[in-house]
Structure formats: C-alpha cells, structure tokens
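Visitor: One structure coming up, written as structure tokens, with questions to follow.
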C-alpha cells in the first residue's frame, strides 16, 4: 500500500503574514489592503502572465515552417505600483524607512508572495527596480505613488504549502502469532503482528508546471534508490548510511549532501539520472524506495519534499 502525503509544517510558509486577497508579502513587508502600503488600482503586472519563451525551433530548409525544439521560459518580471500612505505625518519616516529597508538591492532571492481569489502563490525573486517620487505630498505627509519591479530567475510560481511524503523499505506482514502453550494452537487475544510496507508513495503536484523535489534518505541504509515508476528514471547512490546519517538530494540545485555539508554527488551510480531531470510532472507521480540491504532496517526511510508549481 502506498504511503500518503501531507503538508510539511516545520517551515514558515511564503506569505505567512497575508490575511486577505490583494496583499503582497516581500522580505517581511506586507503590502496591500489594511497596510500603510496599499496597491494602486492598476494592480500587479507580470504575475499571471506566461513568461517570454526561448525556443529551439530550427527552420526547415526545404519546406515551410520549422522543426519544433525545446521551449524554455525566461525570468519572470513582476511589477506593482504601491502607495506609501502613513496614517498621519508623524509616521511618515517610519513607513518610508521600512519600505526602503525591505526593497533594497542587497541579498539574494527571497519569497515574493501574492494572494488572489483565496490562493497564495510565491516566487523566489530580487528587487530590480524601485522608483519613489519625492513630490509635495511626499514632502509634507510622506505620501508617494511608488513603482516596484522584481525579477524571478525561476519563472515558476509555487504553492505556499510545502508538501511531504515519507515511506520505509518494503517489508512483509508477519501475520498471526501462534501460541505454543495452547492446545488448539491459538492464544487469545490474537496477535496479528505489525503492518507491512510496500516501500512506495505517490506525490501529487497540483500545479501546471513540473516541480523539483528534495529527497532525504535516512539510514541505516545501503545503496539507496528512489525510482519514478512512470518511466523508470531513478536516483541511486553507492553509499552506506549509518543510523544517524541523512543524504539530501536537491534536484533543483543538483546537489547531494551528506548530513547537510559533505558533497556525495560522486556516489551517483551509472544508472542514476542527473538530479535536475528528476521532476514531478503535474498530477500524480508514483515512487518506489529500495536499497541493497539483505535485511531492511525498519528505521531506514526516504522523505520527499516538494511544492505545487504553476505557470
């Protein structure tokens, strides 16, 4: 029987401060209705657009058209016109300072989250443009109609909820335990033993774009393998994990780390796929967890983490 999947609660979700539609959260700053940073009536641009596509189409030399090639989306550009609107002039400096601190050029990509129609989606982005006109309204009351632009190098939008699935290695059900001291061979109450495991799980990506999972193998385990049953593509590593070891495979970054620090990318076997090609397509993905252990340890497990991905 396949293991079920659920939400992973040990992380602050993108957009955790958002409480209503139309709000935007960036770097701990909440903008939109109910805040000193309402969004202008022109709204947000680039959020629900399909990013510009680069194609590998090749023109046909002897007929009309081209041979279709791969298509890859360019970075997503998200723009918003946001007002600086303090309750009164005495708060102008505070509102402006918080806005400047959150929208500076320092730091790497962070979560930009937007809620529309009850759905919160997020991208990893950086501020690429900020315009704050200093007109008379800004001078006397701190009010200004500003423009912001973010660049998301990964154009996919992700669900706020981080999903997880976990399973252990396959094991059979031990079945009914017969009591030797009873004449008829049964001793009540009957002990049917523990439950078995199929060593499988199903990951559901409820979005419209492929998602890169993070895979965590936990020992004791020898030569861990996770197989995508739809096409046989697998992640397999020629390594022995002890009871305290965790091998973390980040398929987006293409990294394989032992206990969060030591690279073990070189342990990938010849049958293991490149990490960045191990994707969860939209819909359900059936997975099987296996190892080379002659007697699987019940403590060995695999945990898979992913987000729904959307265009």
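Visitor: Find the residue count for region 60-88, including only residues that are under 30 Å from residue 137 (Cα atoms) and outside any loop (DSSP other than H, G, I, E, B). Lay out the reasoning, then the answer.
Guide: Let us first name the residues in region 60-88 that are under 30 Å from residue 137 (Cα atoms), namely 77-88.
The next check asks that each one be outside any loop (DSSP other than H, G, I, E, B); those that pass are 77-84.
Number satisfying all stated conditions: 8.
Visitor: Among the residues of region 275-289, is there at least one that is under 16 Å from residue 168 (Cα atoms), crowded, with 16+ Cβ neighbours inside 10 Å, touching a residue at least 60 places away in the same chain (Cβ under 8 Å) and over 18 Å from the mean Cα position of the chain (by Cα)?
Guide: Kept after step one, since they are under 16 Å from residue 168 (Cα atoms), are these residues of region 275-289: 286-289.
So of that shortlist, the ones also crowded, with 16+ Cβ neighbours inside 10 Å come out as 287-289.
Pick out the ones that are also touching a residue at least 60 places away in the same chain (Cβ under 8 Å) and you get 287-289.
From the residues that got through so far, the ones that are over 18 Å from the mean Cα position of the chain (by Cα) too are 288-289.
Yes, some residue in region 275-289 is under 16 Å from residue 168 (Cα atoms), crowded, with 16+ Cβ neighbours inside 10 Å, touching a residue at least 60 places away in the same chain (Cβ under 8 Å) and over 18 Å from the mean Cα position of the chain (by Cα).
Visitor: Please determine whether any residue of region 60-72 is surrounded by 12 or more Cβ atoms within 10 Å (Cβ to Cβ), farther than 30 Å from residue 304 by Cβ and either modelled with pLDDT of 90 or more or in contact with a strand residue (DSSP E or B) (Cβ under 6 Å, 6 or more places away or on another chain) (or both).
Guide: The answer is yes, given that some residue of region 60-72 is surrounded by 12 or more Cβ atoms within 10 Å (Cβ to Cβ), farther than 30 Å from residue 304 by Cβ and either modelled with pLDDT of 90 or more or in contact with a strand residue (DSSP E or B) (Cβ under 6 Å, 6 or more places away or on another chain) (or both).
Condition check ((1) assigned to a strand (DSSP E or B); (2) in contact (Cβ under 8 Å) with a residue 40 or more places away in the chain) across all residues:
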| residue | (1), (2) |
| --- | --- |
| 134 | no, no |
| 137 | no, no |
| 146 | yes, yes |
| 155 | no, yes |
| 166 | yes, yes |
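Visitor: Can you run down the residue pairs with Cβ atoms below 6 Å, 6 or more apart or on separate chains, where the first is in region 249-267 and without any contact (Cβ under 8 Å) to a residue 24 or more places away in the chain and the partner is part of a helix (DSSP H, G or I)?
Guide: Pairs found: 254/275; 254/276; 256/265.
Visitor: Within region 45-59, how many residues turn out to be in contact (Cβ under 8 Å) with a residue 12 or more places away in the chain and in a strand (DSSP E or B)?
Guide: Total meeting the criteria: 4.
Visitor: When the residues of region 12-52 are narrowed to those that are closer than 30 Å to residue 287 by Cβ and surrounded by fewer than 12 Cβ atoms within 10 Å (Cβ to Cβ), which ends up modelled with the lowest pLDDT? Please lay out each step first, then the result.
Guide: Taking region 12-52 first, the residues closer than 30 Å to residue 287 by Cβ are 12-16, 50-51.
Going one step further and asking which of them are surrounded by fewer than 12 Cβ atoms within 10 Å (Cβ to Cβ), we end up with 12, 50.
Working: 12: 71, 50: 92.
It comes out as 12.
Yes/no per residue for (1) modelled with pLDDT under 90; (2) under 30 Å from residue 293 (Cα atoms):
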{"site": "113", "(1), (2)": "no, no"}
{"site": "116", "(1), (2)": "no, no"}
{"site": "124", "(1), (2)": "no, no"}
{"site": "164", "(1), (2)": "no, yes"}
{"site": "178", "(1), (2)": "yes, yes"}
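Visitor: Do you know which of the residues in region 236-262 that are touching a helix residue (DSSP H, G or I) at 6+ places or on another chain (Cβ under 7 Å) and under 24 Å from residue 295 (Cα atoms) is surrounded by the fewest Cβ atoms within 10 Å (Cβ to Cβ)?
Guide: Step by step, filter region 236-262, then rank; the result is 238.
Visitor: Hey, among 141, 108, 104, which residue is at pLDDT below 95 and touching a helix residue (DSSP H, G or I) at 6+ places or on another chain (Cβ under 9 Å)?
Guide: Numbers: 108 fails: touching a helix residue (DSSP H, G or I) at 6+ places or on another chain (Cβ under 9 Å); 104 fails: touching a helix residue (DSSP H, G or I) at 6+ places or on another chain (Cβ under 9 Å).
The match here is 141.
Visitor: Scanning region 199-222 for residues that are out of contact with any helix residue (DSSP H, G or I) (no Cβ under 9 Å at 6 or more places or on another chain), surrounded by 16 or more Cβ atoms within 10 Å (Cβ to Cβ) and part of a loop (DSSP other than H, G, I, E, B), which turns out modelled with the lowest pLDDT?
Guide: Here the answer is 199.
The values are calculated or read from the model by the stated rules, or taken from the named source; none is laboratory data. For clarity, every value in this text was computed on a predicted model and none was experimentally measured. Positions of Cβ are backbone-derived with ideal geometry, glycine not excepted, and every protein chain shown enters the neighbour counts.
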